[in-house]
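Participant: One structure, as structure tokens, below. Some questions next.
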């Protein structure tokens, strides 16, 4: 065996012996609550159901979110543009073209 390999093995055994002697400190838990009201409020908060608008729109099987009809219309228009142009990744200018064809108009602003 090479000296390098032996040094690697020696380092691993030293590491294992050092890891075994490490002690994890116990977590600090408060002995009592300052106020009974605080304790009740903390208990109610821990029992409250977690409701998230974000998770309600997700399909638990696929992880895809539910899209609104406007989003679906836009995605369909982009997909049709990509197929017609042969462009896999449209530029932002092309995305604006698609939006304009859908009937959306940018507000007119004065140039600076």
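Participant: Could you check region 48-112 for helices (runs of 4 or more DSSP H) lying wholly inside it with 1 or more residues that are at pLDDT below 80?
Facilitator: 53-56
Participant: In region 18-35, is there at least one residue being outside any loop (DSSP other than H, G, I, E, B) and at pLDDT 65 or above?
Facilitator: No, region 18-35 has no match at all.
The values are calculated or read from the model by the stated rules, or taken from the named source; none is laboratory data. As the structure is a computational prediction, the values presented were derived from the model and not from experiment.
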